[in-house]
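First up is the structure itself, then whatever we jot down about it.
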Amino acid sequence: MMARSLYSIGWQIVTDPDLSDLVRRAYTNGVVMDTWMHGGWQAEITSAAEIRLTELAAGFASEVGTEETIWPVYPLSDQYLSHLFQAVLRSMALFEVHTQSDVKLVTERTVEQAGVTLQQFAAGETWGLHAVVRVFHVIWSFEDLNALRYFRRLGRDEFLSGVSHRPWVKDLLADQLSLYLRMGLVKESLTGKGDMLRLTPRGRSVFEEMERILEESGELAWRANQQRWDIFRDMDYDTVFRVVGPDSDQATRTFLDLRPLKPGMQVLELGAGTGRVTVDMELYKEVLPGGVVVAVEPSPTMEAHLQDKCTKEDITNVQIVRAYAEHLPFEDSQFDQTVAVAVLHFTEVDEAVQEMVRVTKPGGWVGALLPPPDVDVREIPMVALWLRPLSELAEEWGLPFGDRNGLPPGRLEEAFRQTSLQDVKIWPVPVTITAEDHHAFFTFFVKGAAVFQHTLARLPYRERVNFLQHLEQRGEQIAAQTRPDEKRHVYYGEAIWGRVPLN
């Protein structure tokens, strides 16, 4: 009776129609529970920060208490709740540090800010701090059940160690396993290899609901994008980009030269990244004297690289603004020209283009350059063979091979033509993508560019690490046996310009 009651309660929670929106509100407001998708390093936490983290978590746990609004008939202990809030606060603090290129330590101040963010989020939710607990149970329970789904069977001790699926927070696993067993989501059996755990049909149903929630909320896509920025933080992005796309600068220059800039102009570049266009290609010089380039970049990591370049080269007419293309913090008709190079496929393209038009002066030009629509790197013969395991994994799970690697054909033109823009012109731009430096290709496309993260994100932690190591080794072997002409392919990107009407 108890297991049935707990299952009914759990099923009601995961099928709550507001749960997807709750998860979305959490990560968009800084309540982040996704440290496992980061790269090969993790920031250290100072002893003072650990002490403060424990104190804050105990306070949140005490506030929530053991009220039956979380799991009626199965109240959560004070110790469990304290560990839960420690895990959430630690994740939020680590995430904050991981997104700052010049910060390496989690300090007491970082933890304090995480506590403030958590409290502000809870204050805006009907469930209060219980909302945090609900989001936690969706995201981290998904990791637990996903490990059992993927491995089919796991030893009890291995599961409780967290080594297979979430080694970053192990204190809660015993309590959560007890909950899964009582709900009938997991079954335990004694075998010749000891106590083994497996997912039950009921557990698979709950897992599939959780996966649906994380898909609908955008959480899986969000964590994939965070992986992209984190990898880019520790790599020489400019060098790798030019190695993988050797004619990218020439294609960009051809695009820009169609609408030459003039001294005194006010120019906006969206998704400026590390400054490849604004600084390296000297866009800032073209508006001198008297002109300004405003470089918008949402990633703190990329923004820091861009700021460093401007400082080192003593560039004073570049203003850097951290913002998203869909919500530009500028007045209407502010810029003479607005451009976006290799960025609109990472945005809600209709909203982004509308914003580009809004902030551009009458008579001014709006332009975009995009990578090839729906690019498939398997058109490079070596890559097709190399990434076959990744392709098979995506096919097994019914997922597209790549993601966020270009807009569908015609989508960019549609976004431009549905605005007020006139004289819209779009044309193909040849772009070579090469895996001749297979290390650079792997770093950019597989690890960093979020092209395959929607597939990799579904692998349990340990398996994801092993899988990437296997792919890297496979690339070494295949590259040594492949001709240079089998390591590259010419694709066709899209360039487009449109003019804002004068009236």
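Protection proxy ranking, highest mean first, for peptides 318-328, 12-22, 136-146: 136-146, 318-328, 12-22, where packing is the per-residue count of other beta-carbon atoms within 10 Å, averaged. Think of it as helices only: each DSSP H run of n ≥ 4 in the chain is worth -39500 (n - 2.57), and spread over all residues that comes to -15000 deg cm²/dmol at 222 nm. Taking label points 7 Å from Cα along the Cα-to-Cβ direction, residue 257 and residue 282 give a separation of 1.4 nm. Under a 5 Å amide H cut-off, with hydrogens placed 1.01 Å from N, residue 155 pairs with 197 among residues at least 5 apart or on other chains.
With a cut-off of 14 Å between beta carbons, the residues surrounding residue 50 carry a summed charge of -2, where Lys and Arg count +1 and Asp and Glu -1. For the chain, the fraction of C-alpha pairs farther apart than 30 angstrom is 53 percent. If you add up the charges near residue 313, with Lys and Arg at +1 and Asp and Glu at -1, over every other residue whose beta carbon is less than 13 angstrom from its beta carbon, what do you get? Cβ neighbours under 13 Å give a net charge of -1. Neighbours of residue 466, meaning other residues whose beta-carbon lies under 13 angstrom from its beta-carbon, give a summed charge of +1 when Lys and Arg score +1 and Asp and Glu score -1. Applying 1/(1 + (r/R0)^6) with r as the Cβ-Cβ distance of residue 492 and residue 423 and R0 = 30 angstrom yields a FRET efficiency of 0.85. When each of the peptides 363-370, 378-385, 268-275 is scored by the mean number of other C-beta atoms lying within 10 Å of its residues, the order from highest to lowest reads 268-275, 363-370, 378-385.
Values quoted throughout were computed directly from the atomic coordinates according to the rules given, and no laboratory measurement underlies them. Since the model is a prediction, treat every value here as computed from it, not as a measurement. We place every Cβ from the backbone using ideal geometry, glycine too, and count neighbours over all the protein chains shown.
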